[in-house]
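Data first, discussion second: the structure below is written as structure tokens.
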Amino acid sequence: MMTTITLSGAQVTQLVELLTVVAAAADTSDEDRYQLHYCRSQVHQLMPSIEVLVLAGVLHEVPERPGPGPAVRNQCRWWSAELARLLSVASAATVAAISQQPSPSTDRGPQALGLAA
């Protein structure tokens, strides 16, 4: 069961704009620009949890880099924390859904297989 994170259209737009601003900062290295461009291309309303984790990590690192101003740094911190929260909620929901599914071993007792108990 693959966990996906659902974002609103407004959230997708905000994240894409934020990544664009960070990539355009004068002190952003070419390597960082490539990573930011990759993350920007992966932002969708339904995102696999691994992509959300990568994006949260990238945004978490931005405040440590030279370039972005305080407002952009704060937005990056906020989005990193928000994405981590969304991952946590989605993971908890997945664990709950899995734990509610009947176990294959409980459905196959001796009588279910036609064997005498």
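Please treat every number below as a calculation from the coordinates, not as lab data. In this text the structure is predicted, and so the values were computed from the model without any measurement. Cβ placement follows ideal geometry from the backbone for every residue including glycine, while neighbour counts extend to all protein chains displayed.
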Quick one: if you stick a label point 7 Å off each Cα along the C-beta vector at TYR38 and THR20, how many nm between them?
-> 2.2 nm
Hey, rough spin-label estimate for THR6 and SER91, points 7 angstrom out along Cα→Cβ, what's it come to in nanometres?
-> 2.1 nm
Tell me which residues come under 5 Å, amide H to amide H, from ILE5 once H is placed; ignore anything under 5 positions away on its chain.
-> MET47, SER49
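Going by C-beta contacts inside 10 Å, put ASP27, ASP32 in order with the fewest on the left. Provide the component values of the computation, followed by the final result.
Working: ASP27 9, ASP32 18.
Lowest count first: ASP27, ASP32.
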How high is the relative contact order of the stretch 1-73, given as a whole-number percent (alpha carbon pairs under 8 Å, six or more residues apart)?
-> 43 percent
Under Karplus coefficients 6.51, -1.76 and 1.60, residue-wise ³J(HN,Hα) of the stretch 53-61 in Hz, glycine/proline x | 5, 4, 4, 4, x, 4, 5, 5, 7
